[in-house]
Amino acid sequence: MIDSSLLKRSLLTIAAHGFGRFLNIIVFIFLARILSTTDYGYLIFGSSIAKLVAVIALLGCLPVFVKQWGKNGLDHEKKINSIFNMVNWYKVRGLILILICMLSFYIYSQYKIESSVNIAFLSFLFVVPLFFINLYQQFLNSIKKSIHSGLMQTFFYLLWLVFISFSYFFNLLDTEWILIGSILTMTSYVLLLISYYLNKHGVNSERPKYINRNFIFGQWAGVLFIYIDIILIEIFLLPVDIAFYGVVIQIVSILAFILGGVNMSIVAELSEYYNNKSLKETQKRITYYARFMTFFALIFTVMLVIFGEQILGIYGAEYKSQYLLLLVLTSAQLINVISGSNGWILDISGNEKTTLKAFYISIFLKIILGIFLIKFYGALGMAFAALVAIAFWNIYLVKFCINKIKLNPTIFNIKSVSAKNA
């Protein structure tokens, strides 16, 4: 039986990260109300590429931190300082990559995007504060401080919301003012965090011991899988289609958050259990969290099915027409959640190559299907391509977890092939 402290920590983690996600949605609702649909599409495109690059610049650090935490024989404080030294190592390399991407995206946006204000590029500048927030969150998650990680993100979006509310109240609704002011506000917050953690843990840099190219490519493939939809829509459709798709993604991302939030809470613990305890004990932990995620996911799915059109209407009347798109992408994310933490189980068990293989095939499938279906069904076609790709990826990884690692990431009583033949 799982003790109540685990339930309490899971609920607090969900609450901390959930409130941050809620504030993020409120921020983008304000922006949808302030900007035209076309300009909002450019905003979604630029900020999506920023999120993509911010994660790529992490260079697959979380699995490295987690392995360091799970296998390192140092005492508690020394382990924390050792991992933070790696954080400093990742900072420099991540920023170099970001600067290269920043120049490339500026050139692309200047020649490709038709807008009096380069909204896409200004939105892309969020990449710097996003990178640092993500990096420090990975650090906190790896040392079992997932609640602190959620609070860090919550304050990030709270400050952003305060700035936009201030601008809205005083009728300072110029697009450049909103975007540049937001970037400066977020960057100031991040600078305070950097100063705090450097003062607490020092400036020493240490090359990671468990660095693995499969970790890096796996994380890159994972984030590309998420944002390839927006890239394809930008190439083949119009900014308004990006706006519609982006709004639906924001809403259904709460389902993805349920999975991601719980993963952040348990990944360090699962690493310790897998490396130091029996498979039976590890399976108990996995089953508990799978039930926890599925319960909340089903409640939210029912809410979207019943009130989806009204929720879309919060962004503006023009978004209500995207209810079918909402249903398709909700189905995709529900499959993702009920399939459990399959990717993390593979990573902590040393099967990163399998995760990477699944991502590669899924990305290829998503791109090919997306290009074909977009031509006939627009953004809805892209959503169906995402549904098929997510279903394939999760079925593939769940099957591998059960048959090869002997751990079932789902709530379903699925037996391995060897068990069935026994």
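Summary table below
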{"read-out": "Cα-based shape type of the stretch 14-138, given that a ≥ b ≥ c are square roots of the gyration tensor eigenvalues and the cut on a/c is 1.5", "value": "oblate"}
{"read-out": "Quarter of Cα convex hull surface for the stretch 310-420, i.e. mean projection, nm²", "value": "8.6"}
{"read-out": "Greater than 23 Å apart at Cα, pairs in Lys209/Lys406; Lys280/Lys404; Lys144/Lys284; Lys209/Lys280; Lys144/Lys200; Lys79/Lys404", "value": "Lys209/Lys406; Lys209/Lys280; Lys79/Lys404"}
{"read-out": "Largest-first principal axis extents, alpha carbons of the stretch 81-229, Å", "value": "49, 34, 26"}
{"read-out": "Gain upon complete extension [Lys399, Leu12; 0.36 nm per residue less C-alpha separation]", "value": "136.2 nm"}
{"read-out": "Unit charges at the beta carbon, dipole of the stretch 280-422: most positive-side option, Asn403, Thr354, Ser341", "value": "Asn403"}
{"read-out": "Prolate/oblate/rounded label for the chain (Cα gyration tensor, a/c 1.5)", "value": "oblate"}
{"read-out": "For a label point 7 Å along the Cα-to-beta-carbon line of Tyr196, residues of the stretch 113-148 with backbone N under 13 Å", "value": "133, 136-137, 140, 148"}
{"read-out": "Greater than 28 Å apart at Cα, pairs in Lys67/Lys357; Lys112/Lys375; Lys112/Lys357", "value": "Lys112/Lys357"}
{"read-out": "Segment Lys209-Ser321, length gained on full extension (0.36 nm per residue, minus Cα span)", "value": "35.2 nm"}
{"read-out": "At R0 = 41 Å, FRET efficiency that the Cβ-Cβ distance of Leu99 and Lys353 yields, to 0.05", "value": "0.85"}
{"read-out": "Val162 - accessible surface, heavy atoms, 1.4 Å probe, Å² rounded to 10", "value": "80"}
{"read-out": "Dipole in debye (nearest 20) - the chain, about Cα centre, beta carbon charges: Lys, Arg +1; Asp, Glu -1", "value": "1780"}
{"read-out": "Label-reachable residues, the stretch 340-363, where backbone N falls under 19 Å from a point 7 Å from Val388's Cα toward its Cβ", "value": "358-363"}
{"read-out": "FRET efficiency, Lys78 to Tyr377 (Cβ-Cβ, R0 60 Å, nearest 0.05)", "value": "0.60"}
{"read-out": "Potential extension, Ser188-Val240 segment - 0.36 nm per residue separation minus Cα distance", "value": "15.5 nm"}
{"read-out": "Axial C-alpha extent at least 18 Å, average Kyte-Doolittle at least 0.0 - helices from the chain (DSSP)", "value": "4-34, 37-56, 76-112, 127-142, 146-169, 175-201, 213-236, 239-276, 279-313, 323-338, 352-377, 379-400"}
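The values are calculated or read from the model by the stated rules, or taken from the named source; none is laboratory data. These figures come from a predicted structure and were not determined experimentally. For neighbour counting, all protein chains shown are included, and Cβ atoms are generated from backbone atoms with ideal geometry for every residue, glycine included. Note: accessible area is taken over every heavy atom of the protein model, side chains too, but ligands, DNA and RNA are not part of it. Shrake-Rupley method; radii C 1.70, N 1.55, O 1.52, S 1.80 Å.
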